[in-house]
Structure formats: C-alpha cells, structure tokens
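Peer 1: For reference, the structure I am asking about is given below.
Every read-out reported here was derived from the displayed coordinates using simple, explicitly stated rules and does not represent laboratory data. Computed from a predicted model, the values in this text were never measured in an experiment. Virtual Cβ from ideal backbone geometry, glycine too; neighbours counted across all protein chains shown.
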Amino acid sequence: MKKIAGMTITTLALCALLGTMAWAKGKSHTHAISFNENTMVNGTMVKKGDYEAKFDEQTSELTILNGNHVVATAKVKEKGLPKKADQTKYDLHQSANGPVLTQVTFGGDHYTLMLDDAGNGSGIE
C-alpha cells in the first residue's frame with residue numbers, strides 16, 4: 001500500500017513538473033514601451049505614444065498593443081545577451097520612411113529581439 005501511494009505521489013509530482021516546463025516555454029512577455037516619435041514596425045506606422053509590447057515565445061512574434069487593440073506585429077529572432085538587461089529598451093534605424101524599429105530588449109531577459117527586416121520599409125536587406 002505504501003509503495004502504491006509513493007508511486008502515485010511521484011507520478012503526480014512528475015506530471016506537475018512537466019506541465020510547468022511546457023507552460024513556461026510557451027509563455028508570453030508583456031512590457032510597457034513608449035515611442036517618442038512615429039515609428040515603423042514591420043511596415044506599419046505606429047504613432048508616437050505609450051504601448052504594450054508582447055513577445056510570444058512559441059510563435060516568435062512581437063505584438064505592439066494599444067490596450068487590447070493590435071497596432072502592429074512582427075516576426076523576431078532572439079539574440080542572446082551576456083547578462084540580463086536591466087531595463088526595457090529599443091533600437092531604431094532611420095530610413096527614407098522615417099524611424100524603423102529594429103530590436104527590442106525587455107528588462108530582466110537574457111536576450112534581445114531582432115525584428116525581421118521583411119516588409120518594414122527600411123530598405124535593409
């Protein structure tokens with residue numbers, strides 16, 4: 001009887017651990033982001049202002065939100081950082097169409113998100 005109870009507890013603990021690991025891999029990160037000027041994000045002009053930037057690890061997609069409204073989306077690639085970023089920041093590239101978002105780093109993460117250049121109007125290839 002003790003053996004069956006021990007195996008049951010071990011099985012439940014293993015299921016909880018595996019479920020937590022699967023959930024952690026597919027999670028999303030959301031951070032506040034403020035654009036000081038109108039900025040192109042994957043071909044979409046995002047007006048100057050405050051937004052939420054959401055990264056979905058499972059789809060490798062960055063979404064810029066204004067409340068619950070999706071303003072822009074872009075495919076991204078993760079690039080490792082030597083240490084955790086201490087704050088959320090972004091980089092822009094100046095193009096003929098104005099500033100273009102090229103990367104986003106969320107505070108507390110060990111990676112930066114490099115935006116795919118396709119369709120952003122930047123002329124970068």
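Peer 1: Tabulate in residue order the Karplus-calculated ³J(HN,Hα) for region 71-88, using 6.51 cos²θ - 1.76 cosθ + 1.60 with θ = phi - 60°, rounded to whole Hz; enter x for Gly and Pro.
Peer 2: Result, rounded to whole Hz: 8, 7, 9, 7, 6, 9, 10, 7, 10, x, 10, x, 8, 4, 6, 7, 8, 7.
Peer 1: Using amide H atoms built 1.01 Å from N in the peptide plane, name the residues 5+ places from Met40, or on other chains, whose amide H lies under 5 Å from its own.
Peer 2: For Met40, the qualifying residues are Val46, Val100, Leu101.
Peer 1: Under 5 Å between amide H atoms, partner at least 5 residues away or on a different chain: which partners does Thr88 have, H built in plane at 1.01 Å?
Peer 2: Gly107
Peer 1: Toward the positive end of the charge dipole of region 58-121, about the Cα centre and with charges on Cβ (Lys, Arg +1; Asp, Glu -1), which of Thr105, Leu62, Val76 goes farthest?
Peer 2: Positive-most Cα among the choices belongs to Thr105.
Peer 1: What are the ³J(HN,Hα) values, in whole Hz, obtained from phi via the Karplus relation 6.51 cos²θ - 1.76 cosθ + 1.60 with θ = phi - 60°, for each residue of region 51-61 in sequence order, with x given for Gly and Pro?
Peer 2: Values per residue, Gly and Pro as x: 9, 10, 10, 10, 10, 9, 4, 5, 9, 6, 10 Hz.
Peer 1: Would you mind checking Lys47/Lys89; Lys48/Lys79; Lys54/Lys77; Lys54/Lys75; Lys27/Lys84; Lys48/Lys83 for any pair whose Cα atoms are more than 20 angstrom apart?
Peer 2: Values: Lys47/Lys89 17 Å; Lys48/Lys79 27 Å; Lys54/Lys77 14 Å; Lys54/Lys75 12 Å; Lys27/Lys84 18 Å; Lys48/Lys83 30 Å.
The answer is Lys48/Lys79; Lys48/Lys83.
Peer 1: Let me ask something else. I'd like the Karplus ³J(HN,Hα) series for region 96-111: coefficients 6.51, -1.76, 1.60, θ = phi - 60°, whole numbers in Hz, and an x wherever there's a Gly or Pro.
Peer 2: 4, 8, x, x, 10, 5, 10, 7, 9, 10, 8, x, x, 9, 9, 8
Peer 1: Modelled label-to-label distance, Gln87 and Asn68, 7 Å Cα→beta-carbon offset: nm?
Peer 2: The modelled label-to-label distance comes out at 3.2 nm.
Peer 1: Using 7 Å Cα-to-Cβ label points, what is the Ser60/Tyr111 separation (nm, one decimal)?
Peer 2: Modelled inter-label distance: 0.9 nm.
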